[in-house]
Amino acid sequence: MPTLTIDNRKIEVADGTTLLDAARQAGVHVPSLCYLKDVQAVGSCRVCIVEVEGAKTLVASCVTPAGEGMKVHTNTPKVREARRTVVDLILSDHEGDCQTCDRSGDCELQSVARDLGIREIAWSGAKSKRMTDASTPALVRDTAKCILCRRCVTVCGQTQGVAAIFPQRRGFQSVIGPAFASNLSDVVCVQCGQCAAVCPVGAISEHDQIAEVWAALDDPKKTVVVQTAPAIRAALGECFGYPPGTLVTGKMVTALRNLGFDRVFDTNFTADLTIMEEGTELLTRLKKALVDKAPVALPMFTSCSPGWIRYAEHFYPDILPNISTCKSPQQMFGAVAKTYFAEKIGKRPEDIFVVSVMPCTAKKYESQRPEMNSSGVRDVDVVLTTRELGRMIQMAGIDFRNLPDEKM
């Protein structure tokens, strides 16, 4: 349990604690861009540098372990100037497009630059070559916004076990992406969106489909229905300043109706259908195996996660027979909406436009799989993420925090 001093504050920390975590435990803010707690500490961005008495140079606090008796300074003129220089250099090669970037206001680079008092970019000149990859239904890559922090690389390779993207080339030619400058659609990307979730800027983001939803809402011939996954009611509030995990179910329903959706449904309904169908399928398989003594693929795995299914297709195709043949709750809802519900309200399936609001970008990919059209048309027309729904509500000028609570 080393004891050290950070900005004249004594603190005792556990062995192995980095200076960055020690500073945060002491209530001292040290900016960072490449650091992901408990996931990645590579010191590549150098934004978290601090001054340690006796050290020859400034050190990256995210990779420097705390030591007994250390005296650390996080706000000296030398530290401030070095951080500004580092961020200036990052900004000089960053094609921000901040006015139109969907991460504007929620961009870590923007926040760090503002906190450091950077009002203009010190250097100008050539920038890295821009390449936009919109080849997948779920994700869009924009290399001109990438700051080479490698957070996406770590979460894709070490957390998800996919390794679809990695650093390539050196120096000014460095790029993060699939091998040989391929598109994401050409490699083993499962489109889970974890890369977009950890990207500090707008280099990887969800494939925005807001315009498609507005077009449907403005079409008088369309009956537009929306389903929301259970996670959305606990995540949407963050877009409007609520603490993470705050339930905003009633306000969400009111906002959806104010946006113009004709019907608002909860995916919980078809989650129950999925349980019934998967349970029936499992019992059928067990009967064949135990009573009929027929060869059956067991154990049976759920088919609810499109990212998991894609992962199995890429890496473990031998277990595909073990995956349930049932559709996911999202897709079951789309099929029910365009068959039973359409008949109930006297509409043709093609006149029902189904929008899903889901926490996972892989759901965008799932809705466009070729087998997801058993109703004669595509079961789910558009999938929005929580962030996209938040942006739609803001675009409509809806005062979310002051909405009344309504029920589905």
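The values are calculated or read from the model by the stated rules, or taken from the named source; none is laboratory data. In this text, all values refer to a predicted model and were calculated from it rather than measured experimentally. Note that we place each Cβ from the backbone using ideal geometry, even for glycine, and neighbour counts take in every protein chain shown. The protein model used for the area step is the full one, side chains on, heavy atoms only, and it has no ligands, DNA or RNA in it. Shrake-Rupley method; radii C 1.70, N 1.55, O 1.52, S 1.80 Å.
Which condition does Phe269 not pass, out of (1) open to solvent by less than 70 Å² (accessible area, probe 1.4 Å); (2) in contact (Cβ under 8 Å) with a residue 12 or more places away in the chain, if it passes all the others?
(1)
Filter the range 5-14 down to residues that are in contact (Cβ under 8 Å) with a residue 24 or more places away in the chain and either assigned to a loop (DSSP other than H, G, I, E, B) or not hydrophobic (A, V, I, L, M, F, W, C) (or both), then give me how many there are.
Count: 3.
One line per residue, one yes/no per condition, for (1) over 23 Å from Val354 (Cα atoms); (2) in contact with a Phe, Trp or Tyr (Cβ under 8 Å, 6 or more places away or on another chain); (3) at pLDDT 95 or above:
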site	(1), (2), (3)
Asn258	no, no, yes
Thr267	no, yes, yes
Glu278	yes, no, yes
Met300	yes, no, yes
Ser303	no, no, no
Tyr316	yes, no, yes
Ile319	yes, yes, yes
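Report yes if Lys56 is farther than 30 Å from Val140 by Cβ, modelled with pLDDT of 95 or more and of a type in the set (Lys, Arg), otherwise no.
It is false that Lys56 is farther than 30 Å from Val140 by Cβ, modelled with pLDDT of 95 or more and of a type in the set (Lys, Arg).
Residue by residue through the range 180-198, note down the ones that are at pLDDT 90 or above, over 23 Å from Glu388 (Cα atoms) and either part of a strand (DSSP E or B) or of a type in the set (Gly, Ala, Ser) (or both).
Across the range 180-198, the qualifying residue is only Ser182.
In the range 83-103, which residues are open to solvent by less than 20 Å² (accessible area, probe 1.4 Å) and at pLDDT 90 or above?
Scanning the range 83-103 gives Arg83, Val87, Asp88.
Please tell me if Thr132 is open to solvent by less than 30 Å² (accessible area, probe 1.4 Å) and either touching a Leu at 6+ places or on another chain (Cβ under 6 Å) or among the hydroxyl-bearing types (Ser, Thr, Tyr) (or both).
For Thr132, the condition - open to solvent by less than 30 Å² (accessible area, probe 1.4 Å) and either touching a Leu at 6+ places or on another chain (Cβ under 6 Å) or among the hydroxyl-bearing types (Ser, Thr, Tyr) (or both) - is not met.
Which condition number in (1) open to solvent by less than 60 Å² (accessible area, probe 1.4 Å); (2) touching a helix residue (DSSP H, G or I) at 6+ places or on another chain (Cβ under 9 Å); (3) within 14 Å of Lys364 (Cβ to Cβ) is the one that Val188 fails?
(3)
State all residues of the range 22-40 that are in a helix (DSSP H, G or I) and either open to solvent by 30 Å² or more (accessible area, probe 1.4 Å) or polar (S, T, N, Q) (or both); if no residue qualifies, say none.
Selection gives Arg24, Gln25.
Going through the range 379-408 one residue at a time, which ones are more than 14 Å from the chain's Cα centre (by Cα), open to solvent by 20 Å² or more (accessible area, probe 1.4 Å) and of a type outside the set (A, V, I, L, M, F, W, C)?
Correct list: Asp381, Arg391, Gln394, Gly397, Asp399, Arg401, Asn402, Pro404, Asp405, Glu406, Lys407.
Out of the residues in the range 319-373 that are charged (D, E, K, R) and crowded, with 19+ Cβ neighbours inside 10 Å, state the one that is nearest to Thr302 (Cα to Cα).
It comes out as Lys327.
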